1. Rounded, prolate or oblate, given the Cα gyration tensor of the range A:189-233, with a/c below 1.5 counting as rounded?
2. Helix A:29-53 sits at what angle to the longest principal axis of chain A, using alpha carbons and giving 0 to 90 degrees rounded to 10?
3. What does DSSP give for the range A:4-521 in terms of the percent of beta bridges that are antiparallel, rounded to the nearest 5?
4. Can you give me the relative contact order of the range A:4-521 as a percent, contacts being Cα pairs under 8 Å and 6 or more apart?
5. In bins 10 Å wide, starting from 0, what share of all Cα pairs of the range A:228-292 does each bin hold, as a percent?
6. Given the -39500 (n - 2.57) contribution per DSSP H run of 4+ residues, what per-residue ellipticity at 222 nm results for chain B, rounded to the nearest 500 deg cm²/dmol?
7. Does chain A classify as rounded, prolate or oblate by the C-alpha gyration tensor (a ≥ b ≥ c root eigenvalues; a/c under 1.5 gives rounded; else a/b over b/c gives prolate, otherwise oblate)?
8. Whole number please: convex hull volume per residue of the Cα set in the protein assembly as shown, in Å³?
């Protein structure tokens, strides 16, 4: 039993507790801040140890796996395990946390203890969602991320009147969606209990182990899969957010404190795409192939419509918030591309990481401006390049990463997702999707350069905050602020120039998750050609015949997919 | 010099850019940026010279020099690798050689500027991207360079970022280029889909194999790839309909206009098409389209240049026009002609821009032709340097531009006449000749206006050099034009002038470049319309399949082909000689007309211009193309954005909020005492889940 992942997950929660105890030392803002920074740095260290221990020759397997029983009778466990997809997302989280805390020193001056408490608690839940191998454990963490962010927005937001409303909409919107997801998950678990026990190890019993549920879900009919897909999408699409269920995001972003925005854009949105990849693709392969065109259309619409919306924003933060919606459209497009080499899905995981870094950094940059001028209206400022050159250089750099300039990180994800969509089989997506979504590349350049042109270039104009011609606020970045942005800039550059390590490590796990959907896509293509009426893939639940072998789960016998089976056996042994 | 050094070429300027960025940080360090940048471009030039013979002799797989694998997913693999063939070497000479000269000039030109270090950072970064572009072994790396030069162009056009027009121009350049880049990216996707690789060497050799296979039937991908890539080329090289950004790009500092917007970056499109010419040949419509667009752009931009008063704008439209020639060249299957003109154009257009920069510098930012006259006494060196450049641009006999332009026009004429001649190329050649006349006229219009006639000048209002330490003690410069110092400004120009006059002769008489192109992938794999084989097999004939054995071997092996060859060769030779005579005459005619109208008899010119007021107005306003684009594309998109935003706020979000109220109302009706929103929503959710679950069950069973 390997305790490392448990430690990694629980440590932030435990370390946050003292902040709420009546400890005198924590009355000082600086002490609380240092303590929080230290805590997140220790978490980063733990995640680096995980990285060190991670076996990169077998990236697809759930490594460092361990499990604590929760409710035995119900097959409930706290299952921990990490494959390379989870690993990189956990690293993204632990990497962003110290940066966020570093940036919050001067931004948060009241109720400091609570602020850092909730921030660190949030880290536990975020890591929890990524390392969970038990679907209910995942779901609990997924839902619990809402609580700290609700408080961060509602209490520490920028505008007293609007922030409560924004927090409420954020909470209820995402919560409603994920309730449906919960229904879908429960259905799959229940479905598993109804299966004949001889099918696979944990069939016919209550289990929430993800790998078991994959096997169970493979036996669902297309109709059932479609409903489960719909239920999963209800939660995950809102989280991503996919057009047209995105309207909570600009609201939440504009009102959230900088730290909240960075976490939201950097990690929390990825829970949606992560969920789609981890659950929707392997559990509902037939439905995914059946409805990919529809999801693709919404993704493309999202890319284009929100990009145009970005262009007419006057509030910088809202512009970046809408750009997140536009960017994640590419990511979803890549996830559902299902091309033979997984170019799209691997690109989509890259996109998650890269978007977290560059958009997170842009929110930090905007936060620094807001701290100085207490405004984010583009009309109020102009030509800041002359006044605060270091800030301007960083912002331009991250804008370029966000635009997808080759050599920086954004390009890798964008290029691969579009290539994946282009190569996607005609019955899934197709080149039209890539060609139309590609227009988003042009629009991204238009709205981001529009922003740069408005606030960084042009004649110098500084908002007059203290009635002293603005000179009071004209301080360029201090060392702490540079230390906040520099690691992000370095990460953007490194991932842009040397993405191959990450790309290679992602291929095995992504292949496992997309395998069945891809098999359905090719098979459906063939079936369509040979016999339009053949429905060999659809198996009814009451069809209790010996041929009830999982028709579209070749992982069971395919030796190249051993890790999946192995984990399934492991689950059974327990 | 070991060939491995060639791998360093892009990285030295990158290092230079990083050092310049460090220099930005402290005002005291700024001065170091210029020399660092010049060195970081000049060392690659020395390496290029040093490895030239070794690099030209590379065979087969040795031509690909890989550093590391950049990205790979499944079968899709992209290396950080360079493809070294003679074409690469020609391009490297242009980029690093002309680049060093321009950077040296810029050390003087930009002296005392506040953004001195920032400027040189941009220049070094540009050379990194440009060398990567010309050396890339695969399309994705080429795309990196391609977008990289676009970025540097953006940063350098926006150098004077406090001027709104510079910011607008920078943005316009980047966005218009992105439109082309989307086409390029889709072209890469389709290339990968078709060829299963993005490696240039493999793609071109496969395309050559397809072309030489008489049974090969072109697929729709073969037809589409060139058109998608072409879009990228037209964006980068400012051709119709994407040329609009280049004239505006003159808002950048003049050395940038010379380096980025005349000598190097804008020729990337020509390079790309030349490099991939076998792929373009696979589509029967691709190269004629390239030639047509090139020919039309050449003439179109030439007419606009006639009526511009801004010194740099004249040269900008002239660049668009000359790029049109290059496309006409590659479109006429003469990648030699296209690259030759690219090479000579780099010399004389850089020279023209830099001398224009000197004039502008001397007149404190004055660029209006109407505000200057007879400056030859004040600036004698600049005057005669620009004269050399003007001769070359006008195609005066035996200057560089004469030979290269003649090659293109003659090749187009060869395609347009004879047994299998196509009328299209014949007309394009005639258009090219007409453009040559316009070119000679507008070039010397400018020169006679600036340097001849009565002395008269109005100083500009650019006092950007107020913190200029070089001229700090010399206050007269603000009132009187003065000659530029020899070092670092005029000496590089002398080198360029030498190139502008003699580069053509050297290339023409040594045959060095022609041979280089023949041994590179830019060599057209087939000679269209030359059907010499008596057998009724392919309509195409292979000349060279990217190896060093040239036509002579083929000739000895196929006597029948050889006779056809020599007949064809004689005809082509005759056309070349004829075109030389015609274009010499045209150049002299253009210069003569310009001398009459803009030097000897200026009042008559004004009368003529007044008579054709409408035409002049339309030309002066560049056919109102910018206004047209604004009305048809920009404004509607922006309106659409506003519309979408309102829709998003009112309808989509409104709908969600309304739906959110339903459970609340339901909650009230059931339990009127509890009116908390939370409970309402919670109830709604439970209900929703129950209904959803019921539906699922109902459907499933």
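No value in this document is a laboratory result; all are computed from the given coordinates. Computed from a prediction, not measured in an experiment: that's the story for all the values here. No Cβ is skipped: glycine too gets one built from the backbone with ideal geometry, and neighbour counts run over all protein chains shown.
1. Here the range A:189-233 falls in the prolate category.
2. 40
3. Taking every DSSP beta bridge with both residues in the range A:4-521, the antiparallel ones total about 90 percent.
4. Once normalised by length, the contact order is 15 percent.
5. 22, 46, 23, 9, 0
6. That comes out to -21500 deg cm²/dmol.
7. prolate
8. It comes to 192 Å³ per residue, whole-number rounded.
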